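Below is one structure, written out as structure tokens, with a few remarks after it.
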Amino acid sequence: DSGGGESSGGGLPFGVDVGVLSDRECVRWAQDLEHLSRVGQALAVQVVAELVSRTEAGRYVSTGVRGPVDLLVQSLKVSAAEAHRRIRLAEAVLPVLDVFSGDIAPVRQPGLGEVFFRGEVSQEQGLLVAGFVDEAARLADNGRIDQECLAEVQSVLVEAGLGE
């Protein structure tokens, strides 16, 4: 646990000299910041789900927005591909409201949602897991694997996303 003192970086963009942190403190800061980043990603996905719902209810029609992706691209300045990724993840980890019937579909991947909203997996990891679980669900729907196997696949993939 050697103490810092000399900053290996140039300036201090946020006025914080992380060079004075011990090696252990620096790693802890990095871990805390990564967790905060993941919580921020989870909050962003939650807000995206709300924006999708509002867009589909026609609440942004007067702005010329044609759909949720259009709204995200215009308002968040993200690519259409990134907007699609966030929407896809939101559909996997949050209940989905049918704006026409008012019915709420249950969360498709609750195990993934739990770890994602605790900040234990990143958006990228969540998307990977969600994609593979969706593929396993298609196999189950086609009778190629049973529901027990699907549940096991989900569990293993969530654990893999956690790096365990």
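The values are calculated or read from the model by the stated rules, or taken from the named source; none is laboratory data. Since this is a predicted model, take the numbers as computed values, not measurements. Every residue, glycine among them, receives a Cβ derived from its backbone with ideal geometry; neighbour counts consider all protein chains shown. Note: accessible area is taken over every heavy atom of the protein model, side chains too, but ligands, DNA and RNA are not part of it. Shrake-Rupley method; radii C 1.70, N 1.55, O 1.52, S 1.80 Å.
Within the accessible area of the chain, the carbon and sulfur atoms contribute 55%, probe 1.4 Å, all protein chains present. Short-range pairs are left out: with C-alpha atoms under 8 Å and at least six residues apart, the relative contact order of the chain is 17 percent. Classified by the C-alpha gyration tensor, the chain has an oblate form. Its axis ratio a/c, with a ≥ b ≥ c, is 1.5 or above, and a/b does not exceed b/c. Charged side chains reduced to their Cβ positions (Lys and Arg at +1, Asp and Glu at -1) give the chain a dipole of some 740 debye around its Cα centre. With R₀ set to 25 Å, the beta-carbon distance separating residue 70 from residue 12 gives a calculated FRET efficiency near 0.05.
Of the three principal axes defined by the Cα atoms of the range 19-90, the extents in descending order read 54, 18, 18 Å. Each residue of the range 16-30 is assigned a 3J(HN,Hα), and the resulting list reads 10, 8, 6, x, 8, 6, 5, 4, 5, 5, 5, 5, 4, 4, 4 Hz, derived from the Karplus form 6.51 cos²θ - 1.76 cosθ + 1.60 (θ = phi - 60°), x at Gly and Pro. Using the 1.4 Å probe convention, the accessible area of the range 12-118 works out to 64 Å² per residue with neighbouring protein chains retained. Between the range 29-81 and the range 85-124, how far is it from one alpha carbon centroid to the other, in angstrom? Measuring centre to centre over Cα atoms gives 13 Å.
Per-residue Karplus couplings for the range 63-76, computed as 6.51 cos²θ - 1.76 cosθ + 1.60 with θ equal to phi - 60°, are listed in order as 8, x, 5, 8, x, x, 4, 4, 4, 5, 4, 6, 8, 9 Hz, Gly and Pro entered as x.
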